[in-house]
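Here the structure is laid out as structure tokens; the discussion comes afterwards.
The values are calculated or read from the model by the stated rules, or taken from the named source; none is laboratory data. Values in this document were obtained by computation on a predicted structure and should not be read as measured data. All Cβ positions, even for glycine, are placed from backbone atoms using ideal geometry, and neighbour counts span all protein chains on display.
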Amino acid sequence: VGFREIRHVSDLRPVVNSHPQGRRVDPNAPDKYLSPLKCLTVALPQTFTLCNSSFRYESSENPRRVLTKPSKPVYNDGVDNEDWDYILYVNDVLGGENGGDRYLILDVLGQGTFGQVVKCQNMRTHDICAVKVVKNKPAYLNQSKMEVAILDMLNKQYDPNDRHHILRMFESFTHKNHLCLVFECLSSNLYELIKQNQFKGLSISLVKVFTGQLLDCLQVLKEARLIHCDLKPENILLKSLQSPHIKVIDFGSACHEMQTVYTYIQSRFYRSPEVLLGLPYSTSIDMWSLGCIVVELFLGLPLFPGTSEYNQVSRIVDMLGVPPHHLLENGKQTHEFFNFVGVDAHGRKQYQLKPMDQYASEHRTNEQPSKQYFSHTKLKDIIMEYPVSKRNAKQSDIDKEMAFRRSFIDFVEGLLELDPLKRWTPQQAAKHPFISGEQYTGHFVV
């Protein structure tokens, strides 16, 4: 009972009742009927209403996951928290106040001193993007307006075809007194890539690929006479996890070479000697940061992980020596880190790094001996002695790797030149054999 003989393949097709008894018509398709599954899922509110005529449902009343911490309303008519951050919720909508595009909030991507970055969907185009929601405070608002102006100029004038690894900004708008910047949505940053690799460093060939792209970006910035001022692995993002294509982000600290107002710039590990010493600075500070970054990509650990400004200076001096006389002579902060110890035969003042206990006593700080990440002190020794992966490697492969490292050392030394006047420009660095692929025959002279 219940079985029937199959005579043709068409007998295997399911028999569907197009007019099932007792089923409701699908409101979205009047010629179809709702299945029991749909009645208890996507059409559940209507099912409840049929069971209880007083039942009412509004999607706006759904509990929403809060993305901002702290989330207690304090300022701006209750939409800002105590830090003047806009309190963001999943499925909240940004924009649309003046007829512009509206952005549905999906998740948080990051938070910082400037505000928050959230992953959103453009409700008109359905494209995924990143929206930076700036704090509702004048200082952050003014700096972010500068970021908008800089990115607008870079995107439209200097990189209109999106070829030079610079973040794309689609638009900006104001939402409940918060400036919002809409960017392309990218993938992981290079610090996360190093972390996922267990801080063991990347292959030197991959480091070369990343470095070439960063030099391309910095050439455009130099042409525009712009200084990024905060170049670090966290501000370099992969476009996707499937390719090594990268983009430089976060131009919130960027400035024009003729408008170098701030003295406290650059993240400490990547801070240049001229900034540490309180000297005027130029686009060359980004080249110093680049030198620190590319070595970190290769080693997996920061080259100068200073615990304080003094510790940062001491690490640089230990590895590269005392900065040139003219930098120390003119630096506003030289006396903070160095002692005057006399004059040389030419009448030039001589300086020596202050001992740690002297600096700690003068500044009432608890300076401690810094942790040493490497068994060697000099840059050349650190790179050449870094372990080579010998798994299934032929001697010829190891020899090639060591030759590549010698070229890499010469390249990095041009970036980590203490004197900013002698430090390589992006255009000069791009000609080095490490980047150009030409055979390295000895010290590269630009």
The one condition in (1) in contact with a Gly (Cβ under 6 Å, 6 or more places away or on another chain); (2) over 23 Å from Lys371 (Cα atoms) that Arg268 fails to fulfil: (2)
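Within the range 350-369, which residues are among the charged types (D, E, K, R) and exposed (fewer than 14 other Cβ atoms within 10 Å of the Cβ)? Please lay out each step first, then the result.
Step one: filter the range 350-369 for residues among the charged types (D, E, K, R), giving 354, 357, 362, 364, 367.
Across the range 350-369, the qualifying residues are Asp357, Glu362, Arg364.
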message: Under 6 Å between Cβ atoms, which residue pairs at least 6 apart in sequence (or on different chains) link something in the range 281-301 that is in the same structural domain as Lys247 (by TED's automatic domain parsing) and within 28 Å of Lys332 (Cβ to Cβ) with a partner that is modelled with pLDDT under 95 and part of a helix (DSSP H, G or I)?
response: Ser282/Glu257
message: Residues that are over 19 Å from the mean Cα position of the chain (by Cα), at pLDDT 95 or above and in the same structural domain as Leu303 (by TED's automatic domain parsing): does the range 169-185 have at least one?
response: no
Residue in the range 400-417 that is of a type in the set (A, V, I, L, M), part of a loop (DSSP other than H, G, I, E, B) and surrounded by fewer than 16 Cβ atoms within 10 Å (Cβ to Cβ) present: no
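How about the range 314-349: which of its residues are among the aromatic types (Phe, Trp, Tyr) and either in contact with a Pro (Cβ under 9 Å, 6 or more places away or on another chain) or crowded, with 17+ Cβ neighbours inside 10 Å (or both)?
From the range 314-349, those among the aromatic types (Phe, Trp, Tyr) are 337-338, 340; that's our starting set.
Correct list: Phe337, Phe338.
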message: Give me the residue from the range 71-107 that is in contact (Cβ under 8 Å) with a residue 40 or more places away in the chain and closer than 14 Å to Val182 by Cα and, out of that set, surrounded by the fewest Cβ atoms within 10 Å (Cβ to Cβ).
response: Gly100
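A quick yes/no check of all residues on (1) modelled with pLDDT of 95 or more; (2) acidic (Asp, Glu); (3) on the phi > 0 side of the Ramachandran plot:
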| position | (1), (2), (3) |
| --- | --- |
| Asn392 | no, no, yes |
| Gln395 | no, no, no |
| Ile398 | no, no, no |
| Phe411 | yes, no, no |
field: Of residues in the range 271-292 being over 25 Å from His363 (Cβ atoms) and out of contact with any Phe, Trp or Tyr (no Cβ under 7 Å at 6 or more places or on another chain), the one surrounded by the fewest Cβ atoms within 10 Å (Cβ to Cβ)
entry: Ser282
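At least 2 residues that are under 21 Å from Asp419 (Cα atoms) in each: list the helices (runs of 4 or more DSSP H) lying fully within the range 321-369 that qualify.
Working: elements: 325-330, 334-337, 356-363.
Because the criterion is at least 2 residues that are under 21 Å from Asp419 (Cα atoms), the helices (runs of 4 or more DSSP H) in the range 321-369 that meet it are 325-330, 334-337.
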task: Of the conditions (1) surrounded by fewer than 15 Cβ atoms within 10 Å (Cβ to Cβ); (2) hydroxyl-bearing (Ser, Thr, Tyr); (3) in the same structural domain as Ser314 (by TED's automatic domain parsing), Thr441 clears all except one; give me its number.
output: (3)
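In the range 430-444, what residues are among the hydrophobic types (A, V, I, L, M, F, W, C) and either part of a loop (DSSP other than H, G, I, E, B) or under 14 Å from Val295 (Cβ atoms) (or both)?
Step one: of the range 430-444, the residues among the hydrophobic types (A, V, I, L, M, F, W, C) are 430, 434-435, 444.
Those that are among the hydrophobic types (A, V, I, L, M, F, W, C) and either part of a loop (DSSP other than H, G, I, E, B) or under 14 Å from Val295 (Cβ atoms) (or both): Phe434, Phe444.
More than 25 Å from Cys129 (Cα to Cα), over 26 Å from the mean Cα position of the chain (by Cα) and surrounded by 14 or more Cβ atoms within 10 Å (Cβ to Cβ), is that true of Arg23?
Working: more than 25 Å from Cys129 (Cα to Cα): yes; over 26 Å from the mean Cα position of the chain (by Cα): yes; surrounded by 14 or more Cβ atoms within 10 Å (Cβ to Cβ): yes.
Yes: the conditions hold for Arg23.
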- line: For the range 1-28, pairs from a residue that is free of Cβ contacts under 8 Å to residues at least 40 places away in the same chain and in the same structural domain as Gln46 (by TED's automatic domain parsing) to a residue that is outside any loop (DSSP other than H, G, I, E, B) and among the polar types (S, T, N, Q), with Cβ under 8 Å and 6 or more apart or across chains, are Arg24/Gln46; Pro27/Gln46
field: Matching option when the condition is farther than 30 Å from Asn177 by Cα, not aromatic (Phe, Trp, Tyr) and not in a helix (DSSP H, G or I), among Thr68, Thr41, Thr49
entry: Thr41
Strands (runs of 3 or more DSSP E) contained in the range 127-243 and holding at least 1 residues out of contact with any Ser or Thr (no Cβ under 9 Å at 6 or more places or on another chain) and surrounded by fewer than 21 Cβ atoms within 10 Å (Cβ to Cβ): 128-134, 169-175, 178-184
